[in-house]
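**Q** Could you have a look at this structure, given as structure tokens, before my questions?
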Amino acid sequence: MLYKLSRLFVIKNKFEAFAIIYGIALGAVERGQHYLEQYPGFGGKLLFGACCLAVMMAGAKILDGVRATPRPAKAPRPAKEPRSAKTSCAQAAHPVPAQIQPMEFSRRPKF
């Protein structure tokens, strides 16, 4: 019974997370309005902005905590057929090195 009660307070999907963030935002704006009344001028605006910023940070943390729905696994690709022993002229003339070295670039000319 206690387990079933505790499951009510678990955020299971993004819709619930956004609903909770919306409720937090409403409370923060209300609190910010009280700050604007108590502290007129720049101080009240600064506290109002701090309330809104706290909601953004809490909302990001809540959304990070919600697990993304797992995607279905992709079907494995079929194995490629081995190439024939014959090589074309281009392959024979320019064999691919075992390890490709990065190219050296000179500085870009100034115009």
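The values are calculated or read from the model by the stated rules, or taken from the named source; none is laboratory data. This one's a predicted model, so the numbers in the text were calculated from it and none came from an experiment. Neighbour counts are summed over all protein chains in view; Cβ atoms, including those assigned to glycine, are modelled from backbone coordinates with ideal geometry.
**Q** Which of (1) assigned to a helix (DSSP H, G or I); (2) closer than 27 Å to VAL66 by Cα does TYR35 not meet, given it meets every other one?
**A** Result: TYR35 fails condition (2) only.
**Q** Anything in the range 30-46 that is out of contact with any Cys (no Cβ under 7 Å at 6 or more places or on another chain) and either closer than 18 Å to MET57 by Cα or loosely packed, with under 13 Cβ neighbours inside 10 Å (or both)? List them, or say none.
**A** GLU30, GLU37, GLN38, PRO40, GLY41, PHE42, GLY43, LEU46
**Q** Give the residue that is farthest from GLY59 (Cα to Cα), with candidates limited to residues of the range 12-29 that are surrounded by fewer than 16 Cβ atoms within 10 Å (Cβ to Cβ) and small (Gly, Ala, Ser).
**A** GLY27
**Q** Further question: Going residue by residue through the range 15-37, is there one that turns out to be in contact with a helix residue (DSSP H, G or I) (Cβ under 6 Å, 6 or more places away or on another chain) and of a type in the set (Ser, Thr, Tyr)?
**A** yes
**Q** May I pose another question? Does LEU26 meet the test of being modelled with pLDDT of 95 or more and of a type in the set (A, V, I, L, M)? Step through it out loud before you land on a result.
**A** On the way: modelled with pLDDT of 95 or more: yes; of a type in the set (A, V, I, L, M): yes.
Judged against the criteria, LEU26 is a match.
**Q** So the check is Cβ under 6 Å with 6+ separation or different chains; which pairs have a first residue in the range 38-61 that's over 14 Å from GLY23 (Cα atoms) and a second one that's of a type outside the set (Gly, Ala, Ser)?
**A** Between residues of the range 38-61 that are over 14 Å from GLY23 (Cα atoms) and residues that are of a type outside the set (Gly, Ala, Ser), the close pairs are GLY44/TYR35; GLY44/LEU36; LEU47/TYR35; PHE48/TYR35; PHE48/LEU36.
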